[in-house]
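Asker: Here you go, one structure.
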Amino acid sequence: NSILSIVLPAPKDPVLSVIFAYRDDPSPVKLNLSAGTYRTEEGKPLVLDVVRRAEQQLANDLSRDKEYLPLNGLPEFNKLSTKLILGDDSPAVKENRVVTIQCLSGTGSLRVGAEFLATHNKERVIFVPDPTWGNHPRIFALAGLSVEYFRYYDPKSRGLDFNGMLEDLGAAPPGAIVVLQACGHNPTGVDPTFEQWEQIRQVVRSKSLLPFFDSAYQGFASGSLDSDAQVVRMFVADGGECLIAQSYAKNMGLYGERIGALTIVCTSEDVAKKVEDQVLLVVRPMYLTPPIHGASIVATILKNSDMYNDWTIELKGMADRIISMRQQLYEAIQARGTPGDWSHIIKHIGMFTFTGLSEEQVHLIAKEYHIYMTYDGRISMASLSSKTVPQLADAIHAVVT
Ligand SMILES: Cc1[nH+]cc(COP(=O)(O)O)c(/C=N/[C@@H](CC(=O)O)C(=O)O)c1O
C-alpha cells in the first residue's frame, strides 16, 4: 500500500511543456524558440570568455577554500551587486539604508523577498503585470501572498496598456506590493518609456505601494548596464523604499550557477538593520547559505576594471545580436508581404517578443513547421539565427495568410 500513489499529475508549465514537445520531435529542422536562454549565431549556448578567465583565475588561487559563506552570501559579491544596480554614487548606499543578500539567482531573490514580505508586510496583496513571467504567480502564492494583476499588455496595439496600468495601480490598496520588470519585459518585450515610468513612479509613491523590481536582464536588453538600470535608479532616487531581485543568469550567462541578489532599499539605516536580520531568518531554514562558485565568478569580474570592461563588450555583443535578429525577422516578414503590422518585432526589447500569434497558430506552426514557442505566442529572439529567420518567416506567413 503506497503512500505516494495519491500524488496527482502536475499541471502543465507553459515554458517547460513546450521544451518537452520540442525534445520529442524527431524532425531534423526543428527549432526551439521557447527557452529564455541565449544562443549564438550557431545556435549554441554561450559561456562568456571573461567567465572562463575568471574561473581559471579562481582555480589557480590555492588560498581559496570551500567553507560555508555567511547567511547573506559572499560580502564582496553583495557590495558589487548593489553598485551594479544602484550605480557608483547612490545616496541610499552612502546612507547605509540598503540591504543586499546573495540569493539563488532571480528566482531565489524573488522567493526570499516574497517570504519576507508575507511575514512582515501588513498588506498581503501583490500585483503583477498581465501577463508576466510564468513563474511569478506561483513564487508569490507559495510564499503566502495573494496575487492580483494589473493591466499591462494591449493585444490590439501589441504595446503597453498604459492607462489601464495607471488605473489599476491607482486602485491598489495602500501598502500593496507591485512587481515591476526593470527592462526587457517577459513575455511581451514591451517596456514603458521613461516618461511613462515617471508617471508610474508618481502613482506608486502617491498610493504608498511597495515596488518589487525584477531585474533579470540588466544590460541584456539595451546592451547598456546603466540604461537598463535607469528605471530602478529613478525610483531609488526619490528616497522611497523598494525591493530588487537581480539575476546574473542572462547577462553573465551564469544560468546554471544560480547566482543573483535580493536588494532592499529602506528609508533609514535603522530599518535596514532590522530588515536584514529578518530576511536572514527566512534564508537559514530555506537553504542555510548560498553557493560559493557563481558569486566568486561575478565578484572576480566586477572588481577588476579590465574584466568588467571585457564583460560589457561581450554583453553588448549578445544584446546587439538579438536586436539584429529582430531587424532581420521584421525584414523577412515584410519581404514576404505577410498581412498585418509586424513593427512590434522591432519595437519590442529584450530576449522576447510577443508575436501576437494565437494559440492555435502556435500549435499549427509546431505541428507543420517544427518551430516551438510558448503557447502565448512568445518567441525568444536569442534562439534565432540568420539561417533560421527565413524558416520562421515562412511559417508565420503560412499561418496568417
Ligand atoms: C522576468 C524573469 N525574472 C526572473 C527569471 C529567473 O531567472 P533565474 O535563472 O532564476 O535568475 C526569469 C527567467 N526566465 C526564463 C527561464 C525560465 O522561465 O525557465 C524564461 O522566461 O524562459 C525571468 O524571465
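Asker: Are any residues in the stretch 79-93 buried (at least 22 other Cβ atoms within 10 Å of the Cβ) and away from the ligand (no atom under 16 Å from the Cβ), and if so, which ones?
Answerer: Answer for the stretch 79-93, where residues must be buried (at least 22 other Cβ atoms within 10 Å of the Cβ) and away from the ligand (no atom under 16 Å from the Cβ): 86, 92.
Asker: Something else: Restricting to the stretch 183-209, name every residue that is among the polar types (S, T, N, Q) and free of Cβ contacts under 8 Å to residues at least 12 places away in the same chain.
Answerer: The answer is 193, 202, 206.
Asker: For residues that are among the aliphatic types (A, V, I, L, M) and outside any helix (DSSP H, G or I), scanning just the stretch 143-173, find the one that is surrounded by the fewest Cβ atoms within 10 Å (Cβ to Cβ).
Answerer: Taking the candidates together, the pick is 171.
Asker: Got a sec? Which of 260, 239 is surrounded by fewer than 20 Cβ atoms within 10 Å (Cβ to Cβ), farther than 22 Å from residue 353 by Cα and of a type outside the set (Asp, Glu)?
Answerer: 239
Asker: Moving on. Considering 35, 10, which residue is away from the ligand (no atom under 15 Å from the Cβ), of a type in the set (A, V, I, L, M, F, W, C), within 30 Å of residue 136 (Cα to Cα) and modelled with pLDDT under 95?
Answerer: Of the residues listed, the single one that is away from the ligand (no atom under 15 Å from the Cβ), of a type in the set (A, V, I, L, M, F, W, C), within 30 Å of residue 136 (Cα to Cα) and modelled with pLDDT under 95 is 10.
Asker: Right, next: Taking the criterion of being in a loop (DSSP other than H, G, I, E, B) and either within 16 Å of the ligand (Cβ to nearest atom) or under 19 Å from the mean Cα position of the chain (by Cα) (or both), would at least one residue in the stretch 94-110 satisfy it?
Answerer: no
Asker: Still on this structure, please answer the following. Report yes if some residue within the stretch 116-135 is part of a loop (DSSP other than H, G, I, E, B), hydroxyl-bearing (Ser, Thr, Tyr) and within 16 Å of the ligand (Cβ to nearest atom); otherwise report no.
Answerer: Scanning the stretch 116-135 turns up at least one residue that is part of a loop (DSSP other than H, G, I, E, B), hydroxyl-bearing (Ser, Thr, Tyr) and within 16 Å of the ligand (Cβ to nearest atom).
Asker: Moving to a separate point now. Pairs only if they're at least six apart or on different chains, beta carbon under 8 angstrom, first in the stretch 44-60 and within 13 Å of residue 253 (Cα to Cα) and β-branched (Val, Ile, Thr), second modelled with pLDDT of 95 or more and assigned to a loop (DSSP other than H, G, I, E, B); list them, first residue then second.
Answerer: 47/253; 51/252; 51/253; 51/254
Asker: Just checking, does the stretch 326-348 include any residue being closer than 14 Å to residue 379 by Cβ, outside any helix (DSSP H, G or I) and within 21 Å of the chain's Cα centre (by Cα)?
Answerer: Yes, the stretch 326-348 contains a residue that is closer than 14 Å to residue 379 by Cβ, outside any helix (DSSP H, G or I) and within 21 Å of the chain's Cα centre (by Cα).
The values are calculated or read from the model by the stated rules, or taken from the named source; none is laboratory data. Source: prediction; values computed, not measured. Reconstructed Cβ throughout: ideal geometry from the backbone, glycine too, with neighbour counts over all protein chains shown.
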